[in-house]
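Report on one structure; see the data block that follows.
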Amino acid sequence: KKANLAIIGATGMVGTTFIKILEERQFPVDNIYFFASEKSKGAKIQFMGKEYTVEVLNENSFDKNIDIALFSAGGNISRKFAPMAKNKGIIVVDNSSAWRMENDVPLIVPEVNEDDVSWHKGIIANPNCSTIQAVVPLKVLHDKYKIKRIVYSTYQAVSGSGMAGIEDLHRGLKGEAPTNYPHPIANNCLPHIDVFLENGYTKEEIKMIEETKKILGDQSLKITATTVRVPVENCHSISVNLELEKDFEIQKAVELLKNSHGIKVVDDPENNSYPMAINAHGTDDIYVGRIRRDYSLENGLNLWVVADNIRKGAATNTVQIAELLLKRMG
Ligand code: 2RA
């Protein structure tokens, strides 16, 4: 079975990674169309040995023969164009946060809740990158030990802000002022990702909290988060502190994580071995280490979780969802 695809946001950081991942995974494509904004009109894209021309996205774009549309062009484009695609019978997999919390939109990480794809009504949402890498190990532990509370502290790469973030890091390293971030990111940490809300949290922190509950299907989870931008080019790192309902043996918890799909346990502190951004870059695995009991709680557990936020955190997860759809198209 082959699919007719549309890539919306084809020239952005995630969009270009969609193309790389589709080729790497030999996704069975029949026709494929690439859409972007006016400024990318006419750009050429090589895909599976053929050359394509980028078209400007407009309300007629979805009159073409398209089965699945992968969006990564920001919330405004998704809010405006995803319903148009859906109304043409196209299934949308959207990387923006526009639709994630809608009741009729499944929020999917294939290793965690692939079956939720079954109730989509035309739009499927790809979770926030930092949420994706966290919920894969958490799902394993939640099923076995039932998580009561989660404390997230993130160390997020500048690639999460696209090229603008990377450029600001490079500018900062040369002593030049930032143009994307409110302060220099070089030799600095910014506890400020996305915008601040009335309650003192940032949107990024609320995304991690609410998306985790939706993906794990447990609104009783107690969660807090502090999301921080750090001067790392690519790959997000997250410190996860858990309070579990049930008692556990640390070795059993490590074995459980070791035997889980999509997870690589890297945990040998005596040999300075633990997950690091520089080792996760360019891969699709979620690296888990520093697995240790939190002795300040009855059943406390600490983890350190690292993944490539552009690949597994966005593009690869989206393509995996498209693969699930293809399987279900029969
Ligand atoms: C960031 N997670 O890192 C957000 C969006 N990609 O900026």
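The values are calculated or read from the model by the stated rules, or taken from the named source; none is laboratory data. Keep in mind that what you see is a predicted model, and the values were worked out from it rather than measured. We place every Cβ from the backbone using ideal geometry, glycine too, and count neighbours over all the protein chains shown. Remember, those area values only see protein heavy atoms, side chains included, never the ligands or the DNA or RNA. Shrake-Rupley method; radii C 1.70, N 1.55, O 1.52, S 1.80 Å.
Would you kindly identify the strands (runs of 3 or more DSSP E) lying entirely within segment 1-58 that contain at least 2 residues that are under 25 Å from residue 164 (Cβ atoms)? Step through it out loud before you land on a result.
Values: elements: 3-8, 29-36, 44-47, 50-53.
Here the list reads 3-8, 29-36, 44-47.
Can you run down the residue pairs with Cβ atoms below 7 Å, 6 or more apart or on separate chains, where the first is in segment 216-229 and within 18 Å of residue 183 (Cα to Cα) and touching a residue at least 12 places away in the same chain (Cβ under 8 Å) and the partner is in a helix (DSSP H, G or I) and polar (S, T, N, Q)?
227/130
For segment 184-236, give me each residue that is within 12 Å of the ligand (Cβ to nearest atom), among the basic types (Lys, Arg) and open to solvent by 70 Å² or more (accessible area, probe 1.4 Å).
203
Do you know which of the residues in segment 254-281 that are closer than 21 Å to residue 109 by Cα, outside any helix (DSSP H, G or I) and open to solvent by 40 Å² or more (accessible area, probe 1.4 Å) is modelled with the lowest pLDDT?
By that ranking, first place goes to 261.
For segment 136-161: of the residues being touching a Lys or Arg at 6+ places or on another chain (Cβ under 7 Å) and not in a strand (DSSP E or B), which is nearest to the ligand (Cβ to nearest atom)?
Among those residues, the one meeting the criterion is 158.
Can you tell me which of 86, 44, 146 is on the phi > 0 side of the Ramachandran plot and of a type in the set (D, E, K, R)? Walk me through it before giving the result.
On the way: 86 fails: on the phi > 0 side of the Ramachandran plot; 44 fails: on the phi > 0 side of the Ramachandran plot.
Of the residues listed, the single one that is on the phi > 0 side of the Ramachandran plot and of a type in the set (D, E, K, R) is 146.
Within segment 156-171, can one find any residue that is open to solvent by 20 Å² or more (accessible area, probe 1.4 Å) and within 27 Å of residue 117 (Cα to Cα)?
Yes: one or more hits.
Test residue 322 against the criterion of being within 16 Å of the ligand (Cβ to nearest atom) and of a type outside the set (Val, Ile, Thr), and give yes or no. Give the steps one after another, and end with the answer.
Details: within 16 Å of the ligand (Cβ to nearest atom): no; of a type outside the set (Val, Ile, Thr): yes.
Taking the combined requirement at face value, the residue does not satisfy it.
Of all residues in segment 292-317, how many are surrounded by fewer than 23 Cβ atoms within 10 Å (Cβ to Cβ), out of contact with any Pro (no Cβ under 9 Å at 6 or more places or on another chain) and either of a type in the set (A, V, I, L, M, F, W, C) or not in a strand (DSSP E or B) (or both)?
6
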